[in-house]
Amino acid sequence: MVTPMISFDFGQYMPPMLRGAGVTILLVVVSGIAGTIIGLVFGTARSAPLAPVRWLASIYTNFIRGIPILIILLFLYYEIPLLFPYATFSQTITAVIGLSVYSGAYIAEIFRGSIQAVPRGQLEAGEALGLNYVQKMRYVVMPQALKIAVPPGIGFLIALVKATSLVSVITATDLTRAGRNITSANHQALATFLVVAALYFVISYPLSLLGRWYERRLA
Amino acid sequence: MSRTHDLGPAMIKVDDLHKSFGDLEVLKGIEAEVDEREVVCLIGASGSGKSTLLRCLNRLETFDRGHVTICGHDLTGSKTSLHAVRRDVGMVFQSFNVFPHMKVLDNLTLAPMKVLKIGKAEARQRAMALLEKVGVADKANVYPTKLSGGQQQRVAIARALAMQPKVMLFDEPTSALDPETVGEVLGVMKNLAEEGMTMMVVTHEMGFAREVADRVVFMDNGVVVEQGPPKQIFEAPQHERTRAFLSKIL
Amino acid sequence: MTINFAAVLPYLPVMLKGLGISLEVTVLGFLIGSVLGIFVYLGRRSAFAPLRWLGYAFVEVFRNTPLLVQLYLIYFGLPQVGINLDPFWSTLAGMTLNNAAYTSEIFRAGIESVPNGLVEAAGALGMRYLQTFRFIVLKPAVRNVLPALTNQFIVLFLFSSVGSVISLNELTSALKDLNQRTLRTLEIFTIGGLLYYLASAVIAGSSRLAERYLFRW
């Protein structure tokens, strides 16, 4: 039996690894921001006084949250070239679109919960003072809802970091894809992916700690 | 109670008011009237409908049947602008509902600026004067969570007064307070009454009712059982249910 | 490009077969993972410090790294040290470990959510620890964690799609195949998405029914 030689050439492979990590972080930031904007819109829509608005918003959030992120990414990966046969663009853009749609639905749900969590008495006080719907939302509800949304928001951010790994499947060059490319060169799957896992951990664990710290502060 | 003004014309008129929550009928034909500058205290057991009645007066609750007129606004009509009503009617809640994410001063200036469209400087002046009046002027730039319950409730009263309402509704304003701070809030309310504000107060504080109210209304099970000047209600109640209620709490 | 759902319907049995594999690997991963999760939870509460630390590290590692990377490590990495698992067992192993990490946290929250006052009252009435646990703590704790466990099950179910990357023949894999064959991307992925969504909805609905029926207070 041949003893397997497990090794990893950090010098040669760290640069592409770190480049991949950079793309991952970029994906998280861009999709996170886009998702927050989408989430704010759909989250407030879900508690709007008009029923059809609520309905439409909830169809979007419920459906996206009920299917795997991989399905969203694969669908865009195959469908977009069919819709735009003459366009060529990097899969990173497809990745951002998919991740943003995904994030928007989850963040919308977080906002919906946070808006509901604002005590009813606050709304009543605003009403008794004569504020209209927009004023109530803007000055009384949303500031309080945003604070409540932070811990679950950080929780989702961690999930988003992990979700970005799936863009490697549609050939976007993130950290996981870098890992696969390196593995096909050095045939050291174990070592390479351990490094990949470590890098994900380094990105995600501080967020976990931040979330827990913030939660303690709120209590 | 010593007072500087006589009573004026009717500010609140309630006529055959009915309200149900699902199958439960909570208000079974209420008739009531409150004159200008009058102070009316609503007393009764939990579930008698007194808070619901109060909340119908500024349409925080809708009612099923009957008529309500407050400050000249007919609440029965669907065309009535709720904002117009709420500008004239101030409300103080049992759980204060002070906005925790704004400083005390901002709590008072928000509605006057946004609803009455008053300028920032004037709103602040008005706010500071009111905070002086209720005795928390030194806390103007503090966040409400740092204040005691009694202080927060006084801020809530000042916040309602900042809109210069014609009528003030109080929904069990001291029920959630520690005994030590109840007195400071009742003191503010007493001053308000002496200055001639029209007030309707749902309360368990019988001492306050006896001392400050022009009229005490006893409700039980969704109907007005008895009403009259405090001396009569507390010392010579006419109805058996009134007597039963008072004997349990006094 | 024409849209024709009817052309895709003959392939429904293929998709359902894939769905079956998705569910199979999810159920097994959930059950084994939950049992493992109980042990991880107990480890984290043990008096033996290294065990506590091990439990903490296990949970943090599996919650802060992607499932895909975990599967790559198991499927491509382990063969280097002689452990060869096929796509099904690799996916199952990854999902089990992942689930154990998350359910241990859910159990922790559930048991700690029972108010301490209840335990104290039971003690004051003369009940012993095991009795207290069985009658006072367990039922409310289970009721509290049921929604979180259901949610975790659905999350795991959606995660099963990652198995397609290491050639597990579950639903997503089937969809990719069918897409290559028929090129009817919109129709296939819409139906595939609906299958995932309906399965999740049925699971969530059954859980709510169970909750209402079993915990009628």
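For this structure, a couple of remarks:
This table checks each residue for (1) open to solvent by less than 50 Å² (accessible area, probe 1.4 Å); (2) touching a Lys or Arg at 6+ places or on another chain (Cβ under 6 Å).
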position	(1), (2)
C:37	yes, no
C:43	yes, no
C:57	yes, no
C:66	yes, yes
C:70	yes, no
C:75	no, no
C:97	no, no
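- The criterion of being surrounded by fewer than 21 Cβ atoms within 10 Å (Cβ to Cβ), within 13 Å of another protein chain (Cβ to nearest Cβ) and within 17 Å of the chain's Cα centre (by Cα) does not hold for residue A:134.
- Verdict on residue A:110 being open to solvent by 10 Å² or more (accessible area, probe 1.4 Å), out of contact with any Asp or Glu (no Cβ under 9 Å at 6 or more places or on another chain), more than 19 Å from residue A:43 (Cβ to Cβ) and away from chain B (no Cβ under 14 Å): no
- Of all residues making up segment C:1-54, the number that are under 19 Å from residue C:158 (Cβ atoms) and either hydrophobic (A, V, I, L, M, F, W, C) or free of Cβ contacts under 8 Å to residues at least 40 places away in the same chain (or both): 13
- If you go through segment B:49-86 and keep only what is within 14 Å of chain A (Cβ to nearest Cβ) and acidic (Asp, Glu), you end up with just B:61.
- Selection within segment B:83-108 - open to solvent by 60 Å² or more (accessible area, probe 1.4 Å) and within 21 Å of residue B:27 (Cβ to Cβ): B:94
- Qualifying positions in segment A:195-211 - open to solvent by 10 Å² or more (accessible area, probe 1.4 Å) and within 7 Å of chain C (Cβ to nearest Cβ): A:197, A:201, A:205, A:208
- Search result, residues across segment C:167-188 that are within 11 Å of chain A (Cβ to nearest Cβ) and either under 11 Å from residue C:19 (Cβ atoms) or open to solvent by 10 Å² or more (accessible area, probe 1.4 Å) (or both): C:170, C:171, C:172, C:173, C:175, C:176, C:180, C:183, C:184, C:186
- Figure legend. Inter-residue proximity from segment B:185-212: first residues on the phi > 0 side of the Ramachandran plot and modelled with pLDDT under 95, second residues polar (S, T, N, Q) and open to solvent by 10 Å² or more (accessible area, probe 1.4 Å), beta-carbon distance below 9 Å, spacing 6+ or different chains. Indicated pairs: B:196/B:4.
- With respect to (1) touching a residue at least 12 places away in the same chain (Cβ under 8 Å); (2) farther than 19 Å from residue C:57 by Cβ; (3) not small (Gly, Ala, Ser), the lone exception for residue A:217 is condition (1).
- Looking across segment A:171-214, the residues that are in a helix (DSSP H, G or I), in contact (Cβ under 8 Å) with a residue 12 or more places away in the chain, farther than 11 Å from residue A:21 by Cβ and among the β-branched types (Val, Ile, Thr) come down to A:182, A:192.
- All positions within segment B:109-153 that are without any contact (Cβ under 8 Å) to a residue 40 or more places away in the chain, assigned to a helix (DSSP H, G or I) and open to solvent by less than 20 Å² (accessible area, probe 1.4 Å): B:110, B:123, B:127, B:131, B:150
The values are calculated or read from the model by the stated rules, or taken from the named source; none is laboratory data. The shown structure was predicted, so the numbers you read here are calculated from the model rather than taken from an experiment. Here Cβ is always computed from backbone atoms with ideal geometry, including for glycine, and neighbour counts include all displayed protein chains. Remember, those area values only see protein heavy atoms, side chains included, never the ligands or the DNA or RNA. Shrake-Rupley method; radii C 1.70, N 1.55, O 1.52, S 1.80 Å.
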